[in-house]
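A short write-up of the structure that comes next.
What follows draws every value from the coordinates through simple rules; no lab data is involved. These figures come from a predicted structure and were not determined experimentally. Neighbour counts are summed over all protein chains in view; Cβ atoms, including those assigned to glycine, are modelled from backbone coordinates with ideal geometry.
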Amino acid sequence: VVIYNMILDSLCKHGHVDDAQNLFSEMDKKGIAPNIFTYNTMINAYCSFGRWSDATQMLREMVERKITPDVVTFNALINTFVKEGRLSGARELYDEMIWRGIVPNTITYNTLIDGYCMLNRLNEANQVFDLMVRKGVSPDTVTFSTLINGYCKAKRVEDGMVLFHKMTRIGCVADTVTYTTLIQGFLRANNVRVAMELFQEMVSRDLSPNIMTYNILLEGLCCNGKLERALEVFKEMEKSEMDIDIYSYGIIIHGMCKAGKVEEAWDLFCGLPLKGVKENEGDQPCPREAIYNTLVRGHLRYHDVNTAAELIKEMRRGGFSAD
RNA sequence: CUCUGAUGUG
């Protein structure tokens, strides 16, 4: 069962929910009984792909087989309500789990907090925070990062910093996500200096910046007219063995266009295939197309209509459409 | 072995 569960989960995480579904019925036929992990995996997968009816069917089935939904099941369900912004539904599920004698854990509260943060309802987010403490559930790094993100998105970076200090005071260690969140907050507040200081601090604490950290830095620097610094950071990325995604190049190209360096942007773009940059992996929006559009706009803005026209032809050839 | 937080270019 454990092996099956691992395979099911990995199939789902890669978006092959139908294959997982098939494997699920196959294991059933072979007489391998699904357990609570199996059901939770499938329910979560259906939920995160919006297949609500499949999810409820799984729920019914597990109950029929006398497998009782546990805290993980409820957390997954609460999360799907939360992601749709249906906080009252999420709260009802929370009440129901308590009614059933299931004890909410840190993840339950973190999920609810995130839901309120997403809707900019920071007071209620804090109320949930107080509630969890009152119930004896300890906030963790994710709890604080979630709240900090809420404040940053609400343009209240300084309040985010207050939480940042509070978390260390009570023994929660800030991780890469925490730092990345704050760095973005400061960049959006056009405070490049503090953002860079935080970046140095995270590195000095042996937290390695990842591709998200870098993309945020690049975009923030470009938006604040610091193309030079962005290019320095970019060099650093190329040196480290991090696999730079095509979005990173898109950000730089966009920054170059905005700074009037349309030629350099074009050169960089032409060099992309040589660098073995990984393109999209079956995702929705096509980054390449976005870059083309960025370049066209850049050329147009600087009155190079001919090159722009040429670019559009080329993208048509490549099967893209200009917007 | 299953559930929660940060990036997506006008």
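Observations
- Qualifying trypsin sites (Lys or Arg not before Pro) for segment A:39-79 [loop in DSSP, other Cβ within 10 Å: at most 12]: A:R65, A:K66
- Once the convex hull of all Cα atoms in segment A:46-85 is built, its volume per residue stands at 53 Å³.
- Residues A:K239 and A:S321, FRET efficiency given R0 of 41 Å [Cβ-Cβ distance, rounded to 0.05]: 0.70
- Once the C-beta distance of A:R86 and A:I3 is scaled by a Förster radius of 30 Å, the resulting FRET efficiency is 0.25 to the nearest 0.05.
- Theoretical gain in end-to-end length, A:R301 to A:R65 [0.36 nm per residue, Cα-Cα removed]: 78.5 nm
- A:T176 sits among other residues whose Cβ lies under 14 Å from its own Cβ, and their net charge, with Lys and Arg +1 and Asp and Glu -1, is -2.
- Rounded if a/c under 1.5, otherwise prolate or oblate - chain A, Cα gyration tensor axes: oblate
- The distance between label points at A:K29 and A:V194 comes to 6.1 nm (points 7 Å beyond Cα on the Cα→Cβ vector).
- For a paramagnetic label modelled on A:S138 (point 7 Å from Cα along Cα→Cβ), amide N atoms under 18 Å away belong, within segment A:165-199, to A:165-175.
- The convex hull built on the alpha-carbon positions of segment A:161-271 has an orientation-averaged projected area of 7.0 nm².
- The overall shape of segment A:186-232, judged from the alpha-carbon gyration tensor, is prolate: a/c is not under 1.5, and a/b is greater than b/c.
- A:C257, A:C172 arranged by Cβ crowding within 10 Å, fewest neighbours leading: A:C172, A:C257
- The three principal axes of the Cα atoms in segment A:74-157 give end-to-end lengths of 39, 27, 18 Å, sorted in falling order.
- Converting phi to 3J(HN,Hα) with the Karplus coefficients 6.51, -1.76 and 1.60 and the offset θ = phi - 60°, segment A:100-113 yields 8, x, 8, 8, x, 10, 4, 5, 4, 5, 4, 5, 5, 4 Hz in sequence order, with x at every glycine or proline.
- Qualifying GluC sites (Glu not before Pro) for segment A:153-248 [loop in DSSP, other Cβ within 10 Å: at most 10]: A:E241
- Whole-Å distance, taken between Cα centres, linking segment A:187-241 and segment A:89-153: 30 Å
- Dividing the summed helix terms, -39500 (n - 2.57) for each DSSP H run of n ≥ 4, by the number of residues in chain A produces a 222 nm estimate of -22500 deg cm²/dmol to the nearest 500.
- Computed from Cα positions, the angle between helix A:227-239 and the longest principal axis of chain A comes to roughly 60 degrees.
- Ordering A:W99, A:W266 by the number of other Cβ atoms within 10 Å of each residue's own Cβ, fewest first, gives A:W99, A:W266.
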